[in-house]
Amino acid sequence: MEANIGTARITLILGDITEQETEAIVNAANSSLMGGGGVDGAIHRRGGAEILKECKVIRQTSYPAGLPTGKAVVTSGGKLRAKKVIHTVGPIWSGGNNGEPELLAEAYRNSLALALNIGVKTISFPSISTGAYGYPVGKASRVAMKSIVEFLKKKSGIEEVRFVLHSSYDLQIYEKALTGILD
C-alpha cells in the first residue's frame, strides 16, 4: 500500500528491515544501544561490529545512562544496504496510561527529524515497541501513522517513509491505520 502526503510517499510492505535499500533504517533499540533481540538484534547482527562500536561511542560521549525513551541517534549502516541506522527507543507498554502514546509518537518524530537533519530522503521503519515491549499493534500503528502523516504535512525533504512489517497480520493492521488517518 502507498499513500502520498505532500511531496512524500508512505509505503507499507511485508519484509525484512535489514534488507531495505532506503538511505536509513530505524532500529527499535533498547536504551543500552548494545543490541538485543528482535529488530535490534537483527540489525546489529546483519550490520556487523561497526554499528556496535559507534553505539559504544554514543553511550560514552552522550548517553552514559542509556538513550532515553523517545530520543534518536544515528550510526553508519555498517554492512547493511542502508547507509545509516537511526536508533530510537520506544516505550514499554504498561496499559497506556503512562505516556506511552506520546513517547511512541516522539520516537517517530525524532527519528524523522534526525533523518532530515542529516539529509536522508528515504527511511524505513519497523513497528516500534510492538515486539518485546508489548505495545499492542493496533494502537501502535495508529500512533505511528498519525505521527508520520503530521510530520510530513509540516516538513519537507523526506521523499519516502517505508514501514517494513514482519507479518501479514501487522501489515493489514498498518494498512487499516493509514487508511483511517487519510479518511
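The values are calculated or read from the model by the stated rules, or taken from the named source; none is laboratory data. On a predicted model such as this, the values are computed, not experimentally measured, just so you know. For neighbour counting, all protein chains shown are included, and Cβ atoms are generated from backbone atoms with ideal geometry for every residue, glycine included.
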(Q) Scan region 138-150 and tell me whether some residue there is touching a strand residue (DSSP E or B) at 6+ places or on another chain (Cβ under 6 Å), in a helix (DSSP H, G or I) and modelled with pLDDT of 95 or more. (A) yes
Q) Take the residues of region 16-64 that are in contact with a helix residue (DSSP H, G or I) (Cβ under 9 Å, 6 or more places away or on another chain) and among the small types (G, A, S): which is farthest from P126 (Cα to Cα)? A) S32
**Q.** Residues of region 39-81 satisfying the condition of being crowded, with 17+ Cβ neighbours inside 10 Å and at positive phi
**A.** G70, G78
Q.
When the residues of region 151-183 are narrowed to those that are under 17 Å from G15 (Cα atoms), of a type in the set (A, V, I, L, M) and part of a helix (DSSP H, G or I), which ends up farthest from the chain's Cα centre (by Cα)?
A. I173
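Restricting attention to region 138-183, report how many residues are surrounded by 17 or more Cβ atoms within 10 Å (Cβ to Cβ), aromatic (F, W, Y) and farther than 17 Å from T122 by Cα. First the steps, then the outcome.
Let us first name the residues in region 138-183 that are surrounded by 17 or more Cβ atoms within 10 Å (Cβ to Cβ), namely 139-149, 151-152, 158, 161-166, 170-171, 173-175, 177-178, 181.
Within this subset, residues satisfying the condition of being aromatic (F, W, Y) are 151, 163, 174.
Of the ones still in play, those that are also farther than 17 Å from T122 by Cα are 174.
Here the count works out to 1.
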Q | Residue that is nearest to P126 (Cα to Cα) [pool: residues in region 1-15 that are under 15 Å from the mean Cα position of the chain (by Cα) and surrounded by 20 or more Cβ atoms within 10 Å (Cβ to Cβ)] | A | L12
